[in-house]
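Remarks on the structure that follows.
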Amino acid sequence: MTVHKLKEVVPTGEEIGLKLLQSVREMKARTFARTTEIDVNDVVQARQGTGLSQSEFASALNISKRTLQEWEQGRRTPSGAAQALIRIARKHPEVVREALGA
């Protein structure tokens, strides 16, 4: 049995330089090959609307910071009562800040 090895093609320094130059031109022209969009969930929107840190917002909801992080990252879902508090925080962020005396 004969084994054939494929020869690895390594770009030259000049080829790499040209590719880098092309990339810089594309960045300056704001032409991107791909974009990534991230949907921000309700929990993140609620917290950001209050202007509070994760620790402060978790304290206002009387939950642990870790629980809040789990909700924000979509690994866990808030309970019914917590969902109601989050809806209130989204619609009336000043209430949450007021509750903390912030």
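The values are calculated or read from the model by the stated rules, or taken from the named source; none is laboratory data. These numbers come from a predicted model, not from an experiment. Here the Cβ positions follow ideal geometry from the backbone for every residue, glycine too, while neighbour counts run over all protein chains shown.
Observations on the structure shown:
- Looking only at the range 68-99, and only at residues there that are within 17 Å of the chain's Cα centre (by Cα) and either basic (K, R) or in a helix (DSSP H, G or I) (or both), the one that is surrounded by the most Cβ atoms within 10 Å (Cβ to Cβ): W71
- Yes/no for I63 being out of contact with any His (no Cβ under 6 Å at 6 or more places or on another chain), closer than 18 Å to G51 by Cβ and of a type in the set (A, V, I, L, M, F, W, C): no
This table checks each residue for (1) surrounded by 10 or more Cβ atoms within 10 Å (Cβ to Cβ); (2) among the β-branched types (V, I, T); (3) modelled with pLDDT of 85 or more.
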position	(1), (2), (3)
H4	no, no, no
K7	no, no, no
V10	no, yes, no
L18	yes, no, yes
E26	yes, no, yes
T35	no, yes, no
Q45	yes, no, yes
N62	no, no, yes
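- Scanning the range 12-52 for residues that are under 15 Å from the mean Cα position of the chain (by Cα) and in a loop (DSSP other than H, G, I, E, B) yields T35, T36, E37, I38, D39, V40, N41.
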